[in-house]
Amino acid sequence: MTRLGDLLRNFRRKVYAGYIVPNLGKPKKLARIPKRYRSMVEQTDWDKFVTYTQSDEFKDVSNKRKTARSKYVYEHRLGRGGYAYLRDKPVTSFLQLKFFFVLIMIFCLYV
């Protein structure tokens, strides 16, 4: 269920950023569902979505999240591992490189 929730959230964000925002001043365009989404979204759901994205409640939540995001000291975009993974990764790479050089030296000794 978590995966479905993530997919739905990403879909809403994609539609909002790609269609709602560019057409904010064009109510006739916003009244129609984009062609690529007509098979997935009903007109009543589309109308609710457009109305919600233009409401004060949506704008307040959006501004609060933008403000909070602007205060982040560390913008986390590293995936599942996070900073701990990034911190350990160079050490792992160094050990692999050292092992590779040892193999090369052993190979050179026997050739």
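Filtered by the rule that a residue be assigned to a loop (DSSP other than H, G, I, E, B) and of a type in the set (Val, Ile, Thr), the range 44-78 gives a lone residue, VAL73.
Looking across VAL15, VAL41, one residue alone is surrounded by 10 or more Cβ atoms within 10 Å (Cβ to Cβ), assigned to a loop (DSSP other than H, G, I, E, B) and under 24 Å from the mean Cα position of the chain (by Cα). It is VAL41. The set of residues from the range 18-38 being over 19 Å from LYS59 (Cα atoms) and either in a loop (DSSP other than H, G, I, E, B) or touching a helix residue (DSSP H, G or I) at 6+ places or on another chain (Cβ under 6 Å) (or both) comprises LYS29, ARG32, ILE33, PRO34, ARG38.
Where a number appears in this text, it was derived from the coordinates with a stated rule and is not lab data. Because the structure is predicted, anything quoted here is derived from the model rather than measured. Note: ideal-geometry Cβ built from the backbone for every residue, glycine included; neighbour counts use all protein chains shown.
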